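Structure first, commentary second.
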Amino acid sequence: MKIESITLRELRMPLKHFFETSFGRAESRRILLVTVHSEGVEGWAECVAHDGPFFSYEWIETAWATIREFLAPELLSAKLETASDGARYMAQIRGHNMAKAALENALWDAEAQQNQQPLWMLLSGTRSEIACGVSIGIQDSHEELLENIAIELAAGYQRIKVKVKPGWDMEVLQKIRARWPNIVLSCDANSAYRPSDLDHLRRFDDFNLLMIEQPLWDDDIFYHSSLQREMKTAICLDESIRHARDAEQAIEMRACRIINIKVGRVGGFSEAIAVHNLCQKHGIPVWCGGMLETGIGRAHNVALSTLPNFHLPGDVSASKRYWAEDIVEPEIEVSQQGTITVSNEAGRGYEVKKDLIERLTVRKEVLQRSAATA
Ligand code: OSB
Ligand code: MG
């Protein structure tokens, strides 16, 4: 795979509805898109870094600068056989997984197109349909949250996840369970609690939750393992799992019983597959997390979710929950049974709407293969 150039674009897109977590509220997104131009095809991917360093230290400006200064030059002078080789060329740059993932995933999309093969097959996926859940943010009132849950259940979603934090937890869960005693329900704290909250955290056990996601620090495994011993509810790690080695430690230490895989957080499809395979070997089910992606990142999440150990519904939901108009065609749609049927087109399976992308673009930079390596 010879890479002739790489295009970076920043888009501004308002969210249909604000999304609030324990670390803050987002009303809109700055979207970083990567296009890899290689031997007649365009591989597209989305960098899932957000507008500020809150979910992780990466944000759109660090990703843009790291890609431009360090990662893209590696790939533009590399000799790649396959997309996964890209990960090895970028490995000497520490961290910056979301920036790396955007490049590597664009290579996978390009490779799938060059092979005239659907991306999910290139990733060794085995499902033609994936199970979908929704993640519902903190709302202005309990009533609004309950109303939102009712809407998503009526749409067919198989699992409801609510964001929690101190002051938006026990009462909220009580009200949800009073109205829907039997739905598949989980919660995500995004690091809002501390080990000293143990007595409080134990009360999550009263709600028959599928899991509690990332209750403690974003970079912690050790204290989660102490906490898992004290709780019946399965802990799921999100932020703490940056690569397969983290997953291995977490499993060894029994810090969680479930792992959320976000392809951006772990640095790309190669590492996501490694985390998936490791979890499968140890009997730890995984599910695909979301980062409020546009259709491009979402298409990649759909493809990843076809791997066999994605046993639980992911945070991969319909485009229309986020965007007035998505930048792919068709938009990502979810059936009344809460499933997405995987596309059998070559590559990511969703066309990019180039005119719309051009109109939404506020910044663009083309990185060329240097004359010396051409
Ligand atoms: O922790 O899973 C998370 C959104 C932004 C940052 C972190 C998270 C989330 C979500 C939303 O839960 C998932 C989605 O709908 O894309
Ligand atoms: Mg999470």
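The values are calculated or read from the model by the stated rules, or taken from the named source; none is laboratory data. All values derive from a computational prediction rather than experimental measurement. Every residue, glycine among them, receives a Cβ derived from its backbone with ideal geometry; neighbour counts consider all protein chains shown. Accessible surface areas use protein heavy atoms only, side chains included; no ligands, DNA or RNA. Shrake-Rupley method; radii C 1.70, N 1.55, O 1.52, S 1.80 Å.
Helical content of the chain, expressed as a calculated mean residue ellipticity at 222 nm, amounts to -9000 deg cm²/dmol (DSSP H runs of 4 or more residues, -39,500 (n - 2.57) each, divided by residue number, nearest 500). Ordering Asn277, Leu367, His311 by the projection of their Cα atoms onto the charge dipole of region 229-374, which places +1 on the Cβ of Lys and Arg and -1 on the Cβ of Asp and Glu, puts Asn277 at the extreme positive end. In the chain, what % of DSSP beta bridges are antiparallel (nearest 5)? Within the chain, antiparallel bridges account for around 60 percent of the total.
Report, in listed order, any pair from Lys161/Lys262; Lys79/Lys354; Lys165/Lys320; Lys79/Lys364; Lys161/Lys281; Lys2/Lys353 with a Cα-Cα distance greater than 21 Å. Too far apart for the 21 Å limit: Lys79/Lys354; Lys165/Lys320; Lys79/Lys364; Lys161/Lys281; Lys2/Lys353. Using the alpha-carbon centroid of each, what span in Å lies between region 30-50 and region 223-239? Region 30-50 and region 223-239 have Cα centres separated by 35 Å. For region 121-248, place one equal point scatterer on every Cα, skip the solvent, and apply the Debye formula. What is log10 of I(q)/I(0) at q = 0.15, 0.16, 0.19 Å⁻¹? Reported log10 I(q)/I(0), two decimals: -0.76, -0.84, -1.09. Sequence-ordered 3J(HN,Hα) estimates for region 347-363 from the Karplus curve with 6.51, -1.76 and 1.60 and θ = phi - 60° stand at x, 6, x, 9, 6, 7, 8, 5, 5, 5, 4, 4, 5, 8, 6, 10, 7 Hz, glycine and proline given as x. Summed over the residues of the chain and divided among them, the accessible surface reaches 40 Å² per residue at a probe radius of 1.4 Å.
Dimensions of the chain along the principal axes, based on C-alpha atoms and rounded to the nearest Å, stand at 64, 41, 36, largest first. Close amide H pairs (under 5 Å, H built 1.01 Å from N) link Ala26 with Phe19, Glu20, Thr21, residues at least 5 positions away or on another chain. Sorted on the mean count of surrounding Cβ atoms within 10 Å across their residues, most packed first, peptides 112-119, 152-159, 356-363, 290-297 read 290-297, 112-119, 152-159, 356-363.
Quick one: grab the alpha carbon gyration tensor of region 23-77, order the square roots of its eigenvalues as a ≥ b ≥ c, and give me rounded if a/c is under 1.5, else prolate or oblate depending on whether a/b is larger than b/c. Oblate. Region 58-73 and region 267-320 have Cα centres spaced 24 Å apart. Surface composition of the chain: carbon plus sulfur atoms contribute 48% of the solvent-accessible area (1.4 Å probe, protein chains only, all chains present). Divided by 2.2 N^0.38 Å, where N counts the residues, the Cα radius of gyration of region 210-317 comes to 0.99.
Sequence-ordered 3J(HN,Hα) estimates for region 203-209 from the Karplus curve with 6.51, -1.76 and 1.60 and θ = phi - 60° stand at 5, 4, 5, 6, 10, 6, 7 Hz, glycine and proline given as x.
The charge dipole of the chain, taken about its Cα centre with unit charges on the Cβ atoms of Lys, Arg (+1), Asp and Glu (-1) only, comes to about 360 debye. Each of Ala26, Gly338, Ile357 was scored by the projection of its Cα onto the charge dipole of the chain, and the greatest displacement toward the positive side belongs to Gly338; charges sit on the C-beta of Lys, Arg, Asp and Glu.
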